[in-house]
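The values are calculated or read from the model by the stated rules, or taken from the named source; none is laboratory data. Not measured: the values here are computed from a predicted model. Using ideal geometry, Cβ is built from the backbone for each residue, glycine included, and neighbour counts are taken over all protein chains shown.
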Amino acid sequence: MSELAGVEVGTELPPITVTLTRASLVRYAGASGDFNPIHYSDHFARALGLETCIAHGMLTMGTALRVVTDWCGDPARVLSYGVRFAKPVPVPDDAEGASVTFAGRVTKVSDAVATVTIDALCGEEKVLAAATAEVALA
Amino acid sequence: MRAIEERTGFSFPPTAPYSVTAGKIREFAAALGDANPRFAGEDAVAPPTFAAVLAADAWDGLFTDPELDLQLKRTIHYDQKFAYARPLRAGDVVTATLTIEKVRVRGNTAFITVSVALATVAGEHLCTATSTLLHTWEDES
């Protein structure tokens, strides 16, 4: 891997905004094998006290990491990645779905490893907490 | 005391080997809307969070063990961490071994921390996926 140059604390990663629709959830269910019905059926979502279906936490987590891999290019640079699922992402059964914006910034650089902290916002809600990835710079 | 508390430190047997394929990687990357070229082609690497697909296979051990009295539908994924030795690649044949790391029970809820070690069948360590699961038992009152 070539060196990722000029990375310092405070470096901002280009943000991305993603629309999640029911089709996104069905597609992720099939690709991941996570067929929990709260991700595609309002009936089962309401049975758990939710207003509507929610996105798979792992879909939100996986999408958020695109901020890092789009920036650093090679996903093999990702040494670690962790999040807490702070709030669900409700995905209504309509044409608009849910819009989630992901942003990242470098919060630590040490021994050729950058720590990136990711923010994930759905409307006003922070849907991920303590979302950080360690990226190999060299 | 709940049965799960007495099993802290316990490791389940490894899951049946899973063959990572270029087609599955492409399907998973598409589901993330991720067009990174490293996820395409015969020598593709998997998106880092693909490790969760294999880890979830190992979670089944928790939910199918009759002694533990745990149900997936009563479980919330609270947090998730991955530590990678290298990316999963097309051609890897991988097993997942789950260890119950920590259990905190309060009333009818439990925070259960499990780690899942992913390794090739040749014994190469690939990734550790650590999760906290929040489980709620039905109210007994």
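Worth pointing out:
- Residues (surrounded by fewer than 15 Cβ atoms within 10 Å (Cβ to Cβ) and either facing another protein chain (nearest Cβ under 9 Å) or not acidic (Asp, Glu) (or both)) located in region B:64-75: B:THR64, B:PRO66, B:GLN71, B:LYS73
- Unique residue being in contact (Cβ under 8 Å) with a residue 40 or more places away in the chain, hydrophobic (A, V, I, L, M, F, W, C) and buried (at least 21 other Cβ atoms within 10 Å of the Cβ) when the list is B:ALA55, B:ALA90: B:ALA55
- Test: residue in region A:75-90 that is at pLDDT below 95 and in a helix (DSSP H, G or I): no
- Matching residues in region A:22-49 - criterion: being buried (at least 17 other Cβ atoms within 10 Å of the Cβ) and either among the basic types (Lys, Arg) or under 29 Å from A:ALA76 (Cα atoms) (or both): A:ARG22, A:SER24, A:LEU25, A:ARG27, A:TYR28, A:ALA29, A:ALA31, A:SER32, A:ASP34
- Filter result for B:VAL94 (closer than 30 Å to A:GLY73 by Cβ, under 15 Å from the mean Cα position of the chain (by Cα) and not in a helix (DSSP H, G or I)): yes
- Breaking point among (1) more than 9 Å from chain B (Cβ to nearest Cβ); (2) surrounded by fewer than 18 Cβ atoms within 10 Å (Cβ to Cβ); (3) under 24 Å from B:LYS24 (Cβ atoms); (4) aliphatic (A, V, I, L, M), for A:ALA76: (1)
- Filter result for B:GLU42 (under 16 Å from B:ILE4 (Cβ atoms) and more than 12 Å from chain A (Cβ to nearest Cβ)): no
- Boolean, A:SER110 is polar (S, T, N, Q), out of contact with any Ser or Thr (no Cβ under 8 Å at 6 or more places or on another chain) and within 16 Å of B:PRO47 (Cα to Cα): no
- Total residues in region B:19-39, condition more than 9 Å from chain A (Cβ to nearest Cβ) and surrounded by 15 or more Cβ atoms within 10 Å (Cβ to Cβ): 5
- The lone exception for B:PRO87 - which of (1) at negative phi; (2) more than 9 Å from chain A (Cβ to nearest Cβ) it fails: (2)
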